[in-house]
Amino acid sequence: MKVNHNRVKQARQEANLSQQKLAEQVQVTRQTISLIEVGKYNPTINLCIAICKALNKRLDDLFWPEEE
């Protein structure tokens, strides 16, 4: 079972953004955002930074695994 450690979907929903709107803001397709949210695509660091800026979050808020 693959564990998804990113929290992009939650942050996007809290910001009241659709996948499409976030995708437009960071200049990727909606499908790319969907794949990131389900953990099937590892974004580049530049895309991670763009997503963080769009959602007003830090990298470790969205992409770093939580301490267990």
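Search segment 11-20 for residues being part of a helix (DSSP H, G or I) and not hydrophobic (A, V, I, L, M, F, W, C), and hand back the single one that is surrounded by the most Cβ atoms within 10 Å (Cβ to Cβ). Please lay out each step first, then the result.
Let us first name the residues in segment 11-20 that are part of a helix (DSSP H, G or I), namely 11-14, 19-20.
Now drop any that are not not hydrophobic (A, V, I, L, M, F, W, C), which leaves 12-14, 19-20.
Numbers: Arg12: 22, Gln13: 12, Glu14: 12, Gln19: 19, Gln20: 12.
Out of the qualifying residues, it is Arg12.
Restricting to segment 21-52, count the residues that are in a helix (DSSP H, G or I) and surrounded by 13 or more Cβ atoms within 10 Å (Cβ to Cβ).
Final tally of qualifying residues: 19.
Which residue pairs have Cβ atoms closer than 8 Å, lie 6 or more positions apart in sequence or on different chains, and pair a first residue in segment 25-49 that is polar (S, T, N, Q) with a second residue that is surrounded by fewer than 15 Cβ atoms within 10 Å (Cβ to Cβ)?
Thr32/Tyr41
Since Glu24 meets every condition but one in (1) of a type in the set (Asp, Glu); (2) at pLDDT 95 or above; (3) within 12 Å of the chain's Cα centre (by Cα), which condition does it not meet?
(3)
The values are calculated or read from the model by the stated rules, or taken from the named source; none is laboratory data. Worth saying up front: this structure is predicted, and the values here are computed from it rather than measured. We place every Cβ from the backbone using ideal geometry, glycine too, and count neighbours over all the protein chains shown.
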